[in-house]
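To start, the structure under review is shown below, and the notes come after it.
Nothing in this text is a laboratory measurement; each read-out follows from the coordinates by a stated rule. All of these numbers come straight from a predicted model, not from anything done at the bench. Because the Cβ atoms are built from the backbone with ideal geometry, glycine has one as well, and the counts that use them run over all protein chains shown.
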Amino acid sequence: MKPIRPIRDGREVLWRITEADREKLLRLLFHRYPESEWGTFFRFGYRRTRWGILVTWVDSQKPETGDLDRHSPLVEFRPGYIRRALDSLEAHELGVGIIHSHPQDCAPFPSRSDDDMDSYFAEEFERFGNGRPYASFIVSRNSERKLSFTGRVFDRGEWIPVSECLVTGERCLREPARRTIWSAPESTGSAPNAPTQERVAQLLGADAPGRFRRSVTGIVGCSGTGSPAIHLLARAEIGELVIVDPGPFKASGHQRNHASRHSDLWADPPPSKVALAARLIGEINPATKVTAFVGDLLDEAVLDELLRCDLILGCTDSNYARAALGDIAAHYLVPVLDLAVQMRAEDGVLREQLAEIALYAPGLPCPWCRGRIEVNGIRYETATEAERQFRAEAAAAAEQRGVDGAQYWGGKPPPELTVGYLTTMVGAMGAGYAQNLLLGSAKLPHHRFQFDLGLSSLGVVADERPPRADCACQRTAGRSDQARADRSVSRPDHWPQPTRIPENPGPP
Ligand SMILES: [Zn+2]
Ligand SMILES: [Zn+2]
């Protein structure tokens, strides 16, 4: 059989798994260490993207007695086990793959017999799975317990290499796959630290800036909380920011927006908020790569880029976006830090200066579990102008007949009345928590908490309730595009297509 050579056309595979699943998996794979290998079939969700394929771990289909040969030091999948894995393709839409360990201090590169096994499985699983991709990963550990891995995915007749594994948990880990025999996993380009990073290196260790330079963070919403978060992450010299916002800059946002200048107030046409944010990032740290969309997270092209991120900051206070961010966290295993602010005054006296920070991640409650979504709000946000008009008229007519108009119409949401000190503070906290999750330097104090600047002890309230047992987020974790039917919200057809900048000219 001819050797397998992964194609190198720029496409790559990203493998995402939760920290809890990774722990379980490694215990299984290394339980015959140091001499002998072990392996398992596993199920994965997947998405074919513009950059390659995302593979999200669902669960292992663990070997039972007799499924693997215990007397052999190598992994050999017996026919009964293979049959069961192939049959399982009938029961779900997920992909099926294999993962096995190599003995201690043996590099995780496929052997001749691994190549033979993969060629056979790729063909069989593609056939029985009606064109689903097949994945094969190898892991090993050295005597210092340092992990390394390789992987490849067979899809539509071609092998695509796995480039990185992203681990979701109390910290975000990004582990590069081994490329060559000689590339040790720890030698992945740690450039010397610049003087600008002296303080963070002294505080958190010499390798902290390097790890931050390899991180990618998504920012959904580039206004009050988004723009200060972008500002600080650029100053911290993050590797890449994926920034998304559909809207133009408005003068009313100037006192909250960290990216706008006085001259932007009169620009005609007004610049997009992402163009302003991209300009700010370039001025502070041109080394931060910017992937920017005038668009929405419900756009598939935008979603592709968000799925490359270690972490997403939710900086938009809309119901549909919060629901979509909850879906992304559950289905695609990308953790989301959701930021929100609310202010209310009566007769010039502030009654509320409220901030909320919540983490959405597999195993934690989603925004639906937390009661954070108003369905009427989503209806309003995704409606056309004509629909909004029609519903408002229907509600008014109902009121005239003495019927409660709210049954037709949830009401126009109140305008967002927040000012810069509160939005900046919450955006800065979001950037700080993001940095700590990326570096593993601190955990969130609570998975969800609120506080009010005007209350004694800042009125901190934490919400540590578990997820709702009957919520969809509990059965869709890691199912990627195969959880499409369970998405809470879909992109309205009347929304404009996203535009990627800087293909577009930025603001002057
Ligand atoms: Zn092997
Ligand atoms: Zn839920």
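Per DSSP H run of n ≥ 4, the term is -39500 (n - 2.57); total these for the chain, divide by its residue number, and report the mean residue ellipticity at 222 nm rounded to 500 deg cm²/dmol.
Result for the chain: -8500 deg cm²/dmol, rounded to the nearest 500.
Quick check for the chain: number of Lys pairs with alpha-carbon distance under 29 Å, counting only pairs 8 or more apart or on different chains?
Lysine pairs meeting the criterion: 11.
Determine the shape class of the chain: with a ≥ b ≥ c the square roots of the Cα gyration tensor eigenvalues, call it rounded for a/c under 1.5, and otherwise prolate if a/b is greater than b/c, oblate otherwise.
Prolate is the answer for the chain, as a/c is 1.5 or above and a/b outweighs b/c.
Tell me, what is the FRET efficiency for LEU350 and ASN436 to the nearest 0.05, using R0 = 35 angstrom and their Cβ-Cβ distance as r?
About 0.70, to the nearest 0.05.
Please report the antiparallel percentage of DSSP beta bridges with both residues in the chain, rounded to the nearest 5.
60
Report the antiparallel proportion of the DSSP beta bridges in segment 115-264 as a percent, rounded to a multiple of 5.
Looking only at bridges with both residues in segment 115-264, the antiparallel portion is about 75 percent.
Please report, in debye to the nearest 20, how large the charge dipole of the chain is about its Cα centre when each Lys and Arg carries +1 at its beta carbon and each Asp and Glu carries -1 there.
Roughly 600 debye for the chain.
Under a point spin-label approximation (7 Å from Cα along Cα-to-Cβ), what is the ARG112-ASP470 distance to one decimal in nm?
Each label point lies 7 Å from its Cα, and together they span 6.0 nm.
Nearest 0.05, what FRET efficiency do TRP266 and ARG500 give at R0 = 35 Å with Cβ-Cβ as r?
Here the calculated transfer efficiency is 0.85.
Highest mean first, what order results for 329-339, 154-164, 46-56 on Cβ atoms within 10 Å?
Result, highest mean Cβ count within 10 Å first: 329-339, 46-56, 154-164.
About the Cα centre of segment 188-347, how large is the charge dipole given +1 on each Lys and Arg Cβ and -1 on each Asp and Glu Cβ? Please answer in debye to the nearest 20.
My answer is approximately 480 debye.
List the residues, sorted by chain then number, that are 5 or more residues from TRP38 or on another chain and whose placed amide H is less than 5 Å from its amide H.
Residues meeting the amide H criterion: SER101.
Between VAL96, THR424, SER480, whose Cα lies farthest towards the positive end of the dipole of the chain when Lys and Arg beta carbons carry +1 and Asp and Glu beta carbons carry -1, centred on the Cα centre?
Positive-most Cα among the choices belongs to VAL96.
Output the Cα-based Rg and Dmax of segment 281-374 in Å, rounding Rg to one decimal and Dmax to a whole number.
When restricted to the Cα atoms of segment 281-374, Rg and Dmax are 15.8, 48 Å.
Taking all pairs of distinct Cα atoms, average 1/r, flip it, and tell me the Kirkwood hydrodynamic radius of segment 12-176 in Å to one decimal place.
15.9
Return the percentage of antiparallel bridges among DSSP beta bridges fully within segment 12-176, rounded to the nearest 5 %.
Percent antiparallel among DSSP bridges in segment 12-176 is about 65.
How many angstrom lie between the C-alpha centres of segment 444-476 and segment 225-261?
26
Specify which residue in the list ASN130, GLY226, CYS165 is farthest towards the positive end of the charge dipole of the chain, using unit charges on the beta carbon of Lys, Arg (+1) and Asp, Glu (-1), about the Cα centre.
Going by the charge dipole, the pick is CYS165.
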